[in-house]
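The values are calculated or read from the model by the stated rules, or taken from the named source; none is laboratory data. As the structure is a computational prediction, the values presented were derived from the model and not from experiment. No Cβ is skipped: glycine too gets one built from the backbone with ideal geometry, and neighbour counts run over all protein chains shown. Keep in mind that these areas ignore ligands, DNA and RNA; they rest on the heavy atoms of the full protein, side chains included. Shrake-Rupley method; radii C 1.70, N 1.55, O 1.52, S 1.80 Å.
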Amino acid sequence: MLCYVKYTVLISLALTGCAKASPPPERPALTALLKQSKFKPDGHYTGADTPEDRKPLQDAVDAAILDIRAMPDPLDREAVRKRLSSLLGDVDMFATEDRDEVGRYAIRVWRALGFKKETGLFYMSDDRVLQQ
């Protein structure tokens, strides 16, 4: 019975708006990255290794962006780094060029958030990763 009462109270609070969660902060630079069409050929990248790889790669990057965009202010740099590191691990089974492109997206996300220091995700500088 006690569980039923607690459940009823929670439902009532939710319906009356007392249990509202605050909306995520505005992060327009991340929204712009989210809207980009990803893993298409450009001057340095030939596009996804196979046509079937493009959607899961884009979904992985977009999921990371959404997760980071939903983080509360002030952003915890280590939490962002951890999520980006997880993104890199999520695409480990894809072709090297595709993994490299995901790494470039990770740096773009990092910089879109205004972080000035290196991501620390790579054995070389972020600038060098972006140039490759």
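If you go through the stretch 70-82 and pick out every residue that is outside any loop (DSSP other than H, G, I, E, B) and farther than 16 Å from Leu33 by Cα, you end up with 5.
Being surrounded by 14 or more Cβ atoms within 10 Å (Cβ to Cβ), more than 13 Å from the chain's Cα centre (by Cα) and part of a loop (DSSP other than H, G, I, E, B), is that true of even one residue in the stretch 51-69?
Residues of the stretch 51-69 that are surrounded by 14 or more Cβ atoms within 10 Å (Cβ to Cβ), as a first pass: 53-54, 56-58, 60-65, 67-69.
Now restrict to residues that are more than 13 Å from the chain's Cα centre (by Cα): 53-54, 56.
Checking the rest, the ones that are also part of a loop (DSSP other than H, G, I, E, B) come to none.
The answer is no, given that none of the residues of the stretch 51-69 is surrounded by 14 or more Cβ atoms within 10 Å (Cβ to Cβ), more than 13 Å from the chain's Cα centre (by Cα) and part of a loop (DSSP other than H, G, I, E, B).
Restricting attention to the stretch 85-132, which residues are among the small types (Gly, Ala, Ser), over 15 Å from the mean Cα position of the chain (by Cα) and open to solvent by less than 40 Å² (accessible area, probe 1.4 Å)? Spell out how you get there, then give the answer.
Narrowing the stretch 85-132 to residues among the small types (Gly, Ala, Ser): 85-86, 89, 95, 103, 106, 112, 114, 120, 125.
From the residues that got through so far, the ones that are over 15 Å from the mean Cα position of the chain (by Cα) too are 95, 120, 125.
Within the stretch 85-132, Ala95 is the sole residue that qualifies.
Suppose the filter is open to solvent by 50 Å² or more (accessible area, probe 1.4 Å), among the β-branched types (Val, Ile, Thr) and assigned to a loop (DSSP other than H, G, I, E, B); does Thr46 pass it? It is true that Thr46 is open to solvent by 50 Å² or more (accessible area, probe 1.4 Å), among the β-branched types (Val, Ile, Thr) and assigned to a loop (DSSP other than H, G, I, E, B).
Out of the stretch 83-113, which residues are free of Cβ contacts under 8 Å to residues at least 12 places away in the same chain, in a loop (DSSP other than H, G, I, E, B) and not acidic (Asp, Glu)? Hit for the stretch 83-113 is Met93, nothing else. The number of residues in the stretch 70-80 that are open to solvent by less than 50 Å² (accessible area, probe 1.4 Å) and either among the charged types (D, E, K, R) or more than 21 Å from Gly103 (Cβ to Cβ) (or both) comes to 0.
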